[in-house]
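What follows is a set of notes on a single structure, which appears directly below.
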Amino acid sequence: MLVSSITMLVNSVSAFSGDATYYYTGLGACGVTNKDTDFIVALSTAQYGSGSHCGGKVSVTYQGKTINVTVADKCLGCGADDIDLSPSAFSALASETLGRIPVTWNYA
Ligand SMILES: *[C@@H]1O[C@H](CO)[C@@H](O)[C@H](O)[C@H]1NC(C)=O
């Protein structure tokens, strides 16, 4: 009982909920040039901060599917907990025609 309460608390602190969109990659704010086939993510200005997460991994889950992506860019149009994925990463979770999907994600 106590253990499961603690586990839920840890999960709720470390996971974020927001919308995922996708964008066409290139030279990112982290200083790396990426291709659309790379599994990368752009974070909101709030999450990106001064770029301390650059090169770090993020796990993104949508309808039971989870992918791992690398932080490469800043998303100026994103809400605080929204993320912007490369086209390949987005399409690993859902059809690109959806354009925007609700996801949960965390720093791995
Ligand atoms: C994501 O990374 C975690 C931790 O390294 C690993 O356990 C998991 O298998 C990876 N998932 C995918 C889909 O690559």
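Annotations for the structure displayed:
- Relative to the longest principal axis of the Cα atoms of the chain, the long axis of helix 2-14 makes an angle of roughly 20 degrees.
- Residues with amide H under 5 Å from that of residue 83, placed H, sequence gap 5 or more: 19, 20, 21
- Note that segment 16-28 has calculated 3J(HN,Hα) couplings of 10, 10, x, 9, 10, 10, 9, 9, 8, 6, x, 6, x Hz, one per residue in order, obtained from phi through the Karplus relation 6.51 cos²θ - 1.76 cosθ + 1.60 (θ = phi - 60°); glycine and proline are x.
- Residues whose placed amide H lies under 5 Å from that of residue 56, excluding near-sequence neighbours: 71
- Summing Lys and Arg as +1 and Asp and Glu as -1 over all other residues whose Cβ lies under 12 Å from the Cβ of residue 47 gives a net charge of -3.
- On the beta carbon distance between residue 32 and residue 108, with R0 = 25 Å, the FRET formula returns roughly 0.85.
- About its Cα centre, the chain has a charge dipole of approximately 180 debye under the convention of +1 per Lys or Arg Cβ and -1 per Asp or Glu Cβ, with nothing else charged.
- Percent of beta bridges antiparallel (DSSP, segment 2-107, rounded to nearest 5): 70
- Taking amide H positions as modeled 1.01 Å from N, with prolines and chain starts lacking one, the residues under 5 Å from residue 25 and 5 or more places away or on another chain are 36.
- Applied to segment 68-74, the Karplus parametrisation 6.51 cos²θ - 1.76 cosθ + 1.60 on θ = phi - 60° returns per-residue 3J(HN,Hα) values of 10, 10, 9, 5, 9, 8, 10 Hz, with x for Gly and Pro.
- Two-decimal log10 I(q)/I(0) for the chain, as the Debye equation yields it once each C-alpha is a single scatterer, q = 0.10, 0.23 Å⁻¹: -0.27, -1.24
- For segment 29-42, Karplus couplings with θ = phi - 60° (6.51, -1.76, 1.60), whole Hz, Gly/Pro x: 4, 6, x, 10, 8, 10, 9, 5, 8, 6, 8, 10, 9, 9
Laboratory data are not the source of any read-out in this text; all were calculated from the coordinates shown. None of the values given here were measured: they were computed from a predicted structure. Note that each Cβ is placed from the backbone with ideal geometry, even for glycine, and that neighbours are counted across all protein chains shown.
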